[in-house]
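A short write-up of the structure that comes next.
The values are calculated or read from the model by the stated rules, or taken from the named source; none is laboratory data. Note that the structure is predicted; figures quoted are calculated from it, not measured. Using ideal geometry, Cβ is built from the backbone for each residue, glycine included, and neighbour counts are taken over all protein chains shown.
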Amino acid sequence: MLEFLANAQRNYIHLLRISIFIVMAWIGGLKAFQYEADGIIPFVANSPFMSFFLNSKVSDADNYKLHKNKEGEVVPENTKWHEANGTYTFSYGLGAVILVIGILVLLGIWIPKAGLAGGLLTFGMSIVTLTFLITTPETWVPDLGGPESGFPYLSAAGRLVIKDVIMLGAGLVIASDSAQRLLKRP
């Protein structure tokens, strides 16, 4: 069994590439839908790495809270605010970037240079995503009078973000594999 697992490592790294591609394609593709774009606004508005993409005349650190739509909810006034804020335009662009990263990762099965780029971009994207734990108040359970709130109590948004620790490691594994394959070429 040990020998089988050891000899199958390359196949498992390819499975990791396929897994990352599925996540990136799915999440990136969903960025084209209103409910997903509405859902990223707390992360983007609070991020020093992304907030500048939004319309600064419409957006400020707390203004988005007045215009959040629940998943599946459509409030025309909120939709107009998101359109003026640039939320949807940003989401479409972010989705395209995530899709490209996923495609590069998948292409790494056949093209090591693409896999190297995809792995490093996955790693970098994960670092940015993990900063949301610091910049986005919605990643922690709010103090609503219960005994558990704040650190270390992750909200649903925080539990979504913390999973990027896995993507961070996976990005480095596939980048490393691609680098090894490139170095073995004549």
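Tabulated results
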| quantity | calculated |
| --- | --- |
| Selected residue [modelled with pLDDT of 95 or more, among the aliphatic types (A, V, I, L, M), surrounded by 14 or more Cβ atoms within 10 Å (Cβ to Cβ) and part of a helix (DSSP H, G or I)] from VAL23, VAL44 | VAL23 |
| Qualifying residue in the range 4-19 (condition: touching an Asp or Glu at 6+ places or on another chain (Cβ under 7 Å), part of a helix (DSSP H, G or I), of a type outside the set (Asp, Glu) and in contact (Cβ under 8 Å) with a residue 60 or more places away in the chain) | yes |
| Residue identified as in contact with a strand residue (DSSP E or B) (Cβ under 9 Å, 6 or more places away or on another chain), surrounded by fewer than 19 Cβ atoms within 10 Å (Cβ to Cβ) and in contact (Cβ under 8 Å) with a residue 12 or more places away in the chain among LEU182, LEU120, LEU133 | LEU133 |
| Unique match (being part of a helix (DSSP H, G or I), over 12 Å from the mean Cα position of the chain (by Cα), closer than 20 Å to ASN46 by Cβ and β-branched (Val, Ile, Thr)) among ILE127, ILE174, ILE134 | ILE134 |
| Among the candidates ALA157, ALA117, residue that is closer than 29 Å to LEU16 by Cα, of a type in the set (Gly, Ala, Ser) and in contact with a Pro (Cβ under 8 Å, 6 or more places away or on another chain) | ALA157 |
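For every residue, the table says whether it meets (1) within 21 Å of the chain's Cα centre (by Cα); (2) farther than 30 Å from LEU107 by Cβ.
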position	(1), (2)
ALA6	no, no
ARG10	no, no
VAL23	yes, no
GLY29	yes, no
PHE33	yes, no
PRO42	yes, yes
LYS68	yes, yes
GLU71	yes, yes
THR79	no, yes
